[in-house]
Amino acid sequence: MTTFGYAQSHDYDRRATRLLTGLYRRIAIDVDTRTTDSATVVDLGTGPGKLLSHLAGRRPDLHLHGIDRSPHMIDIARRTSAEQQIELAVADVTELPYREASIDFVVSSLSMHEWPDLPAAATELRRVLRPGGAAGLYDFRFARTRRIQRALGAVFGSVDTETVRLPRHPVALITCYRVTA
Ligand SMILES: C[S@@+](CC[C@H](N)C(=O)[O-])C[C@H]1O[C@@H](n2cnc3c(N)ncnc32)[C@H](O)[C@@H]1O
């Protein structure tokens, strides 16, 4: 299990800016097309908050939230989004600081492979999604695929998966898991 301390968080922030902008842009387009006006969206394991920042630029009407268990990542995310309306909190995916059925869309990128208790995370995700709400969870294609599908399937019934190829990447490295409450 990786813990993002101070140095690791800052190092990740630098690398993410350089390498992952295409992914954040791709996911922001996805969230844009799947959310209605003024929807409430949460990014789980938001890290340095780059995805949320892209989303805020693209869809200023959304109510954006992000959580991460690393306080260093949340510090960076607060700086990244200083000029934007984004609610950030230090929290674990198994204990989200949101009311039942209060969230329209949940997104996550490159975080699930680190979640130690996938069944508990899936149950918590289901708790906060409103009926009809949905999630698009992006992670490395070959990381814990079966365990992720099993955990989400046990709570949501069915899980759709989509292989995601990024511009200028010859190999598709990302899978998106989609569930609906
Ligand atoms: C590889 S980083 C990805 C960050 C960001 N989503 C991105 O795409 O750049 C993984 C993040 O997930 C967070 N994380 C891992 N397990 C977590 C958990 N159980 N609850 C909340 N955050 C978690 C880590 O602290 C880290 O910031």
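The values are calculated or read from the model by the stated rules, or taken from the named source; none is laboratory data. Not measured: the values here are computed from a predicted model. A quick note on method: Cβ atoms are made from the backbone with ideal geometry, for glycine too, and the neighbour counts reach across all protein chains shown. Areas reflect the complete protein model, heavy atoms only, side chains present, ligands, DNA and RNA absent. Shrake-Rupley method; radii C 1.70, N 1.55, O 1.52, S 1.80 Å.
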* Tell me, which residue of segment 78-88 that is in contact with a helix residue (DSSP H, G or I) (Cβ under 7 Å, 6 or more places away or on another chain) and modelled with pLDDT of 95 or more is nearest to Q8 (Cα to Cα)? -> L88
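If you scan segment 84-97, which residues turn out to be more than 7 Å from the ligand (Cβ to nearest atom), part of a loop (DSSP other than H, G, I, E, B) and open to solvent by less than 50 Å² (accessible area, probe 1.4 Å)?
L96, the sole residue that qualifies.
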* Lone unmet requirement of (1) modelled with pLDDT under 95; (2) in contact with a Gly (Cβ under 9 Å, 6 or more places away or on another chain); (3) open to solvent by less than 40 Å² (accessible area, probe 1.4 Å) for V106 -> (1)
* So is E100 within 13 Å of the ligand (Cβ to nearest atom), within 21 Å of T123 (Cα to Cα) and either part of a helix (DSSP H, G or I) or open to solvent by 60 Å² or more (accessible area, probe 1.4 Å) (or both) or not? -> no
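Within segment 156-167, track down each residue that is more than 18 Å from G45 (Cβ to Cβ) and in contact (Cβ under 8 Å) with a residue 24 or more places away in the chain.
Within segment 156-167, F156, L166, P167 qualify.
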* Looking at S111, S158, S102, S81, which is the one that is within 15 Å of the chain's Cα centre (by Cα) and of a type in the set (S, T, N, Q)? -> S111
* Would you pick out the residues in segment 1-59 that are at pLDDT below 95, of a type in the set (A, V, I, L, M, F, W, C) and closer than 22 Å to A135 by Cα? -> L20, L23
* Identify all residues within segment 34-64 that are closer than 24 Å to L19 by Cβ and in a helix (DSSP H, G or I); write none if there are none. => K50, L51, L52, S53, H54, L55, A56, G57, R58
* What is the number of the single condition among (1) open to solvent by less than 20 Å² (accessible area, probe 1.4 Å); (2) in a strand (DSSP E or B) that A134 does not meet? -> (1)
* To do: Answer yes if at least one residue in segment 114-131 is within 13 Å of the ligand (Cβ to nearest atom) and among the hydroxyl-bearing types (S, T, Y), and no otherwise.
  => no
* Structure fact -> Taking segment 65-80 and the residues there that are in a strand (DSSP E or B) and within 11 Å of the ligand (Cβ to nearest atom), the one that is surrounded by the most Cβ atoms within 10 Å (Cβ to Cβ) would be G66
* Structure fact -> Among residues of segment 23-56 being away from the ligand (no atom under 12 Å from the Cβ) and of a type in the set (G, A, S), the residue surrounded by the fewest Cβ atoms within 10 Å (Cβ to Cβ) is S38
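Does any residue of segment 22-33 turn out to be part of a helix (DSSP H, G or I), touching a residue at least 60 places away in the same chain (Cβ under 8 Å), over 14 Å from the mean Cα position of the chain (by Cα) and under 26 Å from R165 (Cα atoms)? Step through it out loud before you land on a result.
Filtering segment 22-33 down to residues part of a helix (DSSP H, G or I) leaves 22-33.
Checking the rest, the ones that are also touching a residue at least 60 places away in the same chain (Cβ under 8 Å) come to 22-24, 26-27, 30-31.
This time we only want the ones that are over 14 Å from the mean Cα position of the chain (by Cα), so: 22.
Within this subset, residues satisfying the condition of being under 26 Å from R165 (Cα atoms) are 22.
Yes, the conditions are met somewhere in segment 22-33.
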